[in-house]
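The values are calculated or read from the model by the stated rules, or taken from the named source; none is laboratory data. Small disclaimer: the values here were computed from a predicted structure and weren't measured. Quick reminder, even Gly has a Cβ in these numbers, built from the backbone with ideal geometry, and neighbours come from all protein chains shown. Note: areas computed on protein heavy atoms with side chains; ligands, DNA, RNA excluded. Shrake-Rupley method; radii C 1.70, N 1.55, O 1.52, S 1.80 Å.
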Amino acid sequence: MHDRAAADQIEAWKALGFNPTACPIRDVLDRLGDKWSVLIVGSLAEGPQRFSALARDIPDISKRMLTETLRNLERDGLLTRTVYPTKPPSVTYTLTTLGQELLVLMGPLIRWADERHAAIRASRATYDAAETPDHPRAAYAGAA
């Protein structure tokens, strides 16, 4: 399956030199491709969440990284942060319309990753097992 429109769009962005400020692929996917953003957006799928609930949903994220990622997602317009005037202040995070649109698009990717995870892990194992002293992976062009 080939998406000609997407290929044409990539060619147009290549003509711009993949400048991060002009290229939506790099600009947007740099955020979404980080370790935590997709997990946080997924955690907010069921509705508003408090910081502590998000931390429980993603137990291996540090509080600092959760805070930083939430700020970045808010900056990108994918979620809103609401502070309630209680003592101590209560804060909730909610997906915006833009964040909900992203969630819809994430569904097929999440299903694909789940369905193909075993095959990808098997490919990695095969690749890793093929590395020998006579055939090191670092020999590829551009490898450090």
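For segment 105-133, the set of residues classified as open to solvent by 80 Å² or more (accessible area, probe 1.4 Å) and within 22 Å of the chain's Cα centre (by Cα) consists of Leu105, Leu109, Ile110, Arg111, Trp112, Asp114, Glu115, Arg116, His117, Arg121, Arg124, listed by residue number.
Each residue in segment 54-104 was checked for being assigned to a helix (DSSP H, G or I), loosely packed, with under 14 Cβ neighbours inside 10 Å and of a type in the set (A, V, I, L, M, F, W, C), and 2 pass.
For segment 21-51, a residue qualifies if it is open to solvent by 60 Å² or more (accessible area, probe 1.4 Å) and over 17 Å from Glu74 (Cβ atoms), and the qualifying residues are Thr21, Arg26, Leu29, Gly33, Lys35, Glu46. In this structure, Ala5 does not satisfy being more than 13 Å from the chain's Cα centre (by Cα), free of Cβ contacts under 8 Å to residues at least 40 places away in the same chain, within 14 Å of Thr94 (Cβ to Cβ) and assigned to a helix (DSSP H, G or I).
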